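Have a look at the structure below before the remarks.
The values are calculated or read from the model by the stated rules, or taken from the named source; none is laboratory data. None of these values were measured; they are calculated from a predicted model. Note that each Cβ is placed from the backbone with ideal geometry, even for glycine, and that neighbours are counted across all protein chains shown.
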Amino acid sequence: MSQPTSALSLTQIGQIALTVNEIPRAVAFYRDTLGMPLLFEMPNMAFFMCGGIRLLLGLPDKDKPETFSSILYYKVDDIQSAFQTLRSRGANGINEPHMIARMPDHDLWLAEFRDPDNNAFALMSEVKR
């Protein structure tokens with residue numbers, strides 16, 4: 001194994017990919033329920049913008065169906081209001097907002113959901129004390 005010739009530091013996420021079962025259903029959920037701007041669609045893929053990071057929704061490879069997922073954490077200012085808004089739009093909330101950790105100057109709150117393909121996502125809020 002050769003030694004790296006320069007230091008590498010990964011400091012920014014450019015895109016996150018999630019596997020979904022149906023592109024039209026996923027587009028409707030991420031666009032209409034979550035309110036994300038749809039950038040464009042291609043065969044078997046849809047791309048959204050989320051705070052400067054591109055989200056790719058794609059179908060599983062036919063040869064290797066995937067059964068795993070990442071968890072996306074979306075920052076919100078008012079987690080209680082955001083949770084209720086998403087629930088009223090039909091999002092499947094699995095854990096209501098709850099405090100996870102008490103930090104020196106704020107409390108960290110989370111609320112967890114599932115999308116129509118059972119991918120987990122969460123709201124997170126840093127509540128100043």
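Please state which one of 125, 70, 88 is surrounded by fewer than 15 Cβ atoms within 10 Å (Cβ to Cβ), among the hydroxyl-bearing types (Ser, Thr, Tyr) and either modelled with pLDDT of 90 or more or in contact with a helix residue (DSSP H, G or I) (Cβ under 7 Å, 6 or more places away or on another chain) (or both).
Checking each option against the conditions leaves just 88.
Would you please name the residue that is nearest to residue 126 (Cα to Cα), looking only at residues in region 96-109 that are surrounded by 13 or more Cβ atoms within 10 Å (Cβ to Cβ) and touching a residue at least 24 places away in the same chain (Cβ under 8 Å)?
Per the criteria, the residue is 109.
List, please: which pairs have Cβ atoms under 6 Å, are six or more places apart or on different chains, and start with a residue in region 37-50 that is hydrophobic (A, V, I, L, M, F, W, C) and end with one that is part of a loop (DSSP other than H, G, I, E, B) and surrounded by 12 or more Cβ atoms within 10 Å (Cβ to Cβ)?
Partner pairs satisfying both residue conditions: 48/36; 50/36.
I need the full set of residues from region 2-30 which are touching a Pro at 6+ places or on another chain (Cβ under 8 Å), modelled with pLDDT of 95 or more and closer than 18 Å to residue 74 by Cβ, in order please.
Passing the criteria: 26, 29.
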